[in-house]
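Below is one structure, written out as structure tokens, with a few remarks after it.
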Amino acid sequence: MNWNHTLNWGWPVFVQGMVLGLGLIVAIGAQNAFVLRQGLRREHVGSVVAFCAVADALLITAGVLGMAQALGERPAFARALALGGAAFLAVYGWRALQRARQASTLDVTSTGQGLSLGAALAQAAAFTLLNPHVYLDTVLLVGSIGAQQPTSLQGWFAAGASTASLLWFSALGFGARWLAPWFAKPRAWQVLDALIGVTMWVLSALLVRHVWAGL
């Protein structure tokens, strides 16, 4: 397979991985609040953003490659896991649509004691690695969906999902001064959750179609 052919097939897979990554990471949570707080304080922003993005990228890559290896010789189990992932996305989308009906905000303040670089990275590690949902999202869900891709395209999928994390954390950290007022508006989160819900349903349908085509 030449480079141009790989690029033509790889780009849609990259976008699919990025859309899935954004759908999973864009939510009100402790990790996002911490990155936004550091951005507002302009305190170790680059280091915190880099840590969160690299940690996600490593977990995503391990998930895609590990799941691909585990499922390579178990097509029936791979299909079952893909259907489970589709069901999870459908439920995730439904929950996002339910959140869209409620008023929520992501509000942080720039007050409080400053953190040393070590303390900031330690908190970033805790918010990232001690959250069980991060393993469900990156290793199991993203990994199992990425493993459904042809071997030559799995890297594209992982790169897309990792790029989503990098873009999101960079926007939170470096754009905090401009984004904070937006995040304080409940209507903004309602619109965002509605978009996430629809996107997750579309990805769920695509995953079901992929499984159906492989039967």
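Every helix of 4 or more DSSP H residues in the chain counts as -39500 (n - 2.57), and over all residues that averages to -26000 deg cm²/dmol at 222 nm. Between A119 and V91, the modelled label-to-label distance comes to 3.9 nm, taking each label 7 Å out from Cα in the direction of the beta carbon. Accessible area per residue for the range 19-99 is 44 Å², calculated with a 1.4 Å probe on protein heavy atoms, without ligands, DNA or RNA. Each other residue within a Cβ distance under 13 Å of G63 adds +1 if Lys or Arg and -1 if Asp or Glu, for a net charge of -2. Of L166, L195, G155, whose Cα points farthest to the positive end of the dipole of the chain (charges on the beta-carbon: +1 Lys, Arg; -1 Asp, Glu; origin at the Cα centre)? Sorting the options by dipole projection puts first L195. Projecting label points 7 angstrom from Cα along Cα→Cβ for W178 and W11 puts them 2.6 nm apart.
Quick one: compute the contact order of the chain, relative version, from alpha carbon pairs under 8 angstrom and 6+ residues apart, as a percent. Walk me through the intermediate numbers first.
On the way: 282 pairs, mean separation 100.0, N = 215.
Averaging sequence separation for qualifying contacts and normalising by length gives 46 percent for the chain.
Computed from Cα atoms, the angle from the helix 117-129 axis to the main principal axis of the chain rounds to 40 degrees.
Relative to the dominant Cα principal axis of the chain, helix 151-174 is inclined by about 10°. Kindly provide log₁₀ I(q)/I(0) values, in the same order as q = 0.10, 0.14, 0.17, 0.19 Å⁻¹, from the Debye equation applied to equal alpha-carbon scatterers of the chain. The Cα Debye sum returns log10 ratios of -0.46, -0.86, -1.18, -1.36.
For a paramagnetic label modelled on R101 (point 7 Å from Cα along Cα→Cβ), amide N atoms under 19 Å away belong, within the range 166-190, to 186-190.
The values are calculated or read from the model by the stated rules, or taken from the named source; none is laboratory data. Here the structure is a predicted model, which is why all the values come from computation and not from measurement. Using ideal geometry, Cβ is built from the backbone for each residue, glycine included, and neighbour counts are taken over all protein chains shown. Ligands, DNA and RNA are stripped out before the accessible areas are found, and what is left, the full protein with its side chains, is counted by its heavy atoms. Shrake-Rupley method; radii C 1.70, N 1.55, O 1.52, S 1.80 Å.
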